[in-house]
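Novice: Sharing a structure below in structure tokens format, with a few things to ask.
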Amino acid sequence: MLNRRRFLMSTVAAGAAGLVASHFSPAFAEVAPQVQIFVPAAPGGGWDQTARTMDQVLRGEKLISGSQITNVGGAGGTVGLPQFINQWSGKGNSLMVAGMVMVGAIIANKAANNLTQVTPIARLTGEFEALVVPADSPFKTAADFVAALKADPTKVPVAGGSAGGSDHILFGLIAKTVGVPAPSLSYVPFAGGGEALSALLGNQVAAGISGFGEFSEQVKAGALRLLAISADKRQDGIHAPTLKEAGIDVELFNWRGVFAPPGISDADKAAMITLVETMAKSDAWATECKNRNWTSILLTGDDYAKFVTEDSARIEAILKDLGLA
């Protein structure tokens with residue numbers, strides 16, 4: 001299982017902002033002050049948060065003058081991915097935010113397009129998942145949730161991201177570990193974190209699974225109760241057990257990264273890698289990661305491409321085992 005320890009690997013530090021500028025090709029330099037960020041998900045979720053945090057840090061560090069963020073939600077990114085491949089091809093100043101969720105959705109939905117058709121730039125962050133319930137839920141602990149799941153899984157609808165994504169995978173792994181058949185689960189997929197959060201706050205579902213950062217504010221405000229996290233160990237400042245501590249032998253660490261479109265030049269690819277590396281090595285990015293409970297797991301270029309290939313094979317095996325692929 002991919003976890004925090006396997007993610008924590010070092011990479012070569014990028015140069016300062018001036019070094020980034022020096023790597024821009026003429027084509028990239030013409031539009032370098034404005035970077036286009038494509039988010040294949042609805043506003044409010046983890047990919048959208050990543051895009052908007054990137055925009056904030058890139059502008060704050062004066063690496064760009066601004067960016068345009070485009071959201072196209074649906075089916076774990078498999079609705080937006082063909083658009084990025086076909087309509088954004090060759091745009092060297094463009095990035096798409098994606099990650100483990102898209103890998104799973106491509107497999108689960110048997111999508112016609114996949115991540116071999118885009119240009120890997122950088123893996124950026126990792127994040128453990130959280131199991132939460134509405135504040136007035138009868139589930140006080142993860143054990144209560146599991147007991148209800150065993151009694152009748154159809155009466156425990158769980159909200160999360162798109163089918164086959166990391167949220168769905170975690171729910172399936174929890175169920176398998178406690179002896180509940182995955183096909184019997186009631187999983188309610190949403191295109192964006194905002195929609196899933198609304199379903200939780202409106203008591204339309206029994207529980208929710210997503211990256212902790214998407215629930216943290218509502219947990220702090222007392223609107224949601226955090227039952228457990230999927231990290232390998234307890235996290236400072238988070239008052240909840242790990243799933244393993246709660247008696248559920250499951251651990252999962254989600255990842256997010258960025259890709260450029262197909263058809264860009266080698267020079268533009270190198271420039272974009274340097275730009276993202278510089279951002280990811282900044283103090284401002286480190287602060288945002290800390291505030292959002294993201295772990296920086298920077299990996300770029302060919303090494304990132306290799307990782308995506310290997311992770312796709314790993315996730316496909318998990319989904320087949322769970323009957324989701």
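Novice: Quick check: convex hull of the Cα atoms in the range 189-325, volume per residue, rounded to a whole Å³? Each step should come with its number before you reach the end.
Specialist: Working: hull volume 21.7 nm³, N = 137.
Output value, Cα hull per residue: 158 Å³.
Novice: Does the range 71-227 come out rounded, prolate or oblate by the C-alpha gyration tensor, with a ≥ b ≥ c the root eigenvalues, rounded set by a/c under 1.5 and, if not, prolate when a/b is larger than b/c and oblate if not? Each step should come with its number before you reach the end.
Specialist: On the way: a/c = 2.48, a/b = 1.79, b/c = 1.38.
Because a/c hits 1.5 or more and a/b exceeds b/c, the range 71-227 counts as prolate.
Novice: Would you work out the charge dipole size for the range 114-269 about its Cα centre, treating the Cβ of every Lys and Arg as +1 and the Cβ of every Asp and Glu as -1, and quote it to the nearest 20 debye?
Specialist: Details: 12 positive and 16 negative charges, 48 e Å.
Charge dipole, the range 114-269, about its Cα centre: 220 debye, nearest 20.
Novice: Going Cα to Cα from LYS176, which aspartates and glutamates come in below 18 Å? Please leave out same-chain ones fewer than 8 positions away.
Specialist: Straight-distance partners of LYS176: GLU129, ASP144, ASP152, ASP167, GLU245, ASP249, GLU251, GLU316, ASP321.
Novice: Could you give me the ³J(HN,Hα) list for the range 154-170, computed from phi with Karplus coefficients 6.51, -1.76, 1.60 and θ = phi - 60°, whole Hz, x at Gly and Pro?
Specialist: 3J(HN,Hα) across the range 154-170, in whole Hz: 5, 9, 10, x, 10, 8, x, x, 4, 4, x, x, 4, 5, 5, 4, 5.
Novice: Next up: Compute the distance in nm between two label points, each set 7 Å from the Cα along the Cα-to-Cβ direction, one at ARG52 and one at GLN34.
Specialist: 2.1
Novice: What is the gain in length, in nm to one decimal, between ASP321 and ASN86 on full extension, counting 0.36 nm per residue of separation less the C-alpha to C-alpha distance? Intermediate values should be presented prior to the final figure.
Specialist: On the way: separation 235, 0.36 × 235 = 84.60 nm, distance 3.28 nm.
Result: 81.3 nm gained on full extension.
Novice: Next question, about the same structure. With each label point set 7 Å from Cα along the Cα-Cβ vector, what nm distance links ALA267 and GLN204?
Specialist: For the pair ALA267/GLN204, the computed spacing is 5.0 nm.
Novice: Separate question: How far, in nm, would the chain grow between LYS62 and ASP144 when pulled straight, counting 0.36 nm per residue and subtracting the alpha carbon separation?
Specialist: Stretched out fully, the LYS62 to ASP144 stretch lengthens by 24.6 nm.
Novice: Antiparallel versus total DSSP beta bridges in the range 102-239: what percent is that, nearest 5? Numbers along the way, then the final one.
Specialist: Values: 9 of 14 bridges.
Counting only bridges with both partners in the range 102-239, antiparallel ones make up about 65 percent.
Novice: Additional query: Can you compute the charge dipole magnitude of the chain about its Cα centre, using +1 on each Lys and Arg Cβ and -1 on each Asp and Glu Cβ, nothing else charged? Give it in debye, rounded to the nearest 20.
Specialist: Working: 26 positive and 29 negative charges, 56 e Å.
For this selection, approximately 280 debye.
Novice: Skip the ligands, DNA and RNA, and give the accessible area per residue of the range 69-193 with a 1.4 Å probe, whole Å².
Specialist: Result: 32 Å² per residue.
Novice: Something else: In nm, what is the difference between 0.36 nm times the number of residues separating ASP136 and ILE69 and their Cα-Cα distance?
Specialist: Details: separation 67, 0.36 × 67 = 24.12 nm, distance 3.64 nm.
Between ASP136 and ILE69, full extension yields 20.5 nm more.
Novice: Under 19 Å Cα-Cα from LYS290, which lysines qualify once same-chain neighbours fewer than 8 residues away are excluded?
Specialist: The qualifying lysines are LYS220, LYS233, LYS281.
Novice: Moving on. Tell me the per residue accessible area of the range 233-325 using a 1.4 Å probe; a whole number in Å² is fine. Mind dumping the intermediate values first?
Specialist: Details: 4010 Å² over 93 residues.
Solvent-accessible surface per residue comes out at 43 Å².
Novice: Report the antiparallel proportion of the DSSP beta bridges in the chain as a percent, rounded to a multiple of 5.
Specialist: Details: 25 of 40 bridges.
Taking every DSSP beta bridge with both residues in the chain, the antiparallel ones total about 60 percent.
Novice: Could you tell me which residue out of SER186, SER216, ALA111 lies farthest along the dipole of the range 87-220 toward its positive end? Charges go on the beta carbon: Lys and Arg +1, Asp and Glu -1, centred on the Cα centre.
Specialist: ALA111
Novice: If you take the beta carbon distance between ALA151 and ASN291 as r and set R0 to 30 Å, what does 1/(1 + (r/R0)^6) give as a FRET efficiency, to the nearest 0.05?
Specialist: Numbers: r = 39 Å, r/R0 = 1.29.
The formula returns an efficiency of 0.20 here.
Novice: Order of 132-139, 40-47, 216-223, 310-317 by packing, highest average Cβ count within 10 Å first? Walk me through the numbers before you get to the answer.
Specialist: On the way: 132-139: 18.2, 40-47: 25.2, 216-223: 13.8, 310-317: 15.8.
So the order, starting with the most tightly packed, is 40-47, 132-139, 310-317, 216-223.
Novice: Right, something else. Out of the total accessible area of the chain (probe 1.4 Å, heavy atoms of protein only), what percent is carbon and sulfur?
Specialist: The C+S portion of the solvent-accessible surface of the chain is 51 percent.
Novice: Simple spin-label model, 7 Å along Cα-to-Cβ: ARG314 to THR177 in nm?
Specialist: 1.6
Novice: Another question, if that's okay. Could you tell me which chymotrypsin sites (Phe, Trp or Tyr not before Pro) in the range 229-279 are loop residues by DSSP with no more than 16 other beta carbons within 10 angstrom of their beta carbon?
Specialist: Details: sites: PHE253, TRP255, PHE259; in loops: none.
Answer in residue order: no site qualifies.
Novice: Given the chain, report the % of alpha carbon pairs whose separation exceeds 26 Å.
Specialist: Numbers: 23072 of 52650 pairs.
Counting every Cα pair in the chain, those more than 26 Å apart make up 44 percent.
The values are calculated or read from the model by the stated rules, or taken from the named source; none is laboratory data. Only a predicted model underlies this, so the values are computations on that prediction, with no experimental measurement involved. Using ideal geometry, Cβ is built from the backbone for each residue, glycine included, and neighbour counts are taken over all protein chains shown. In case anyone asks, the SASA skips ligands and DNA or RNA and just uses the protein heavy atoms, side chains included. Shrake-Rupley method; radii C 1.70, N 1.55, O 1.52, S 1.80 Å.
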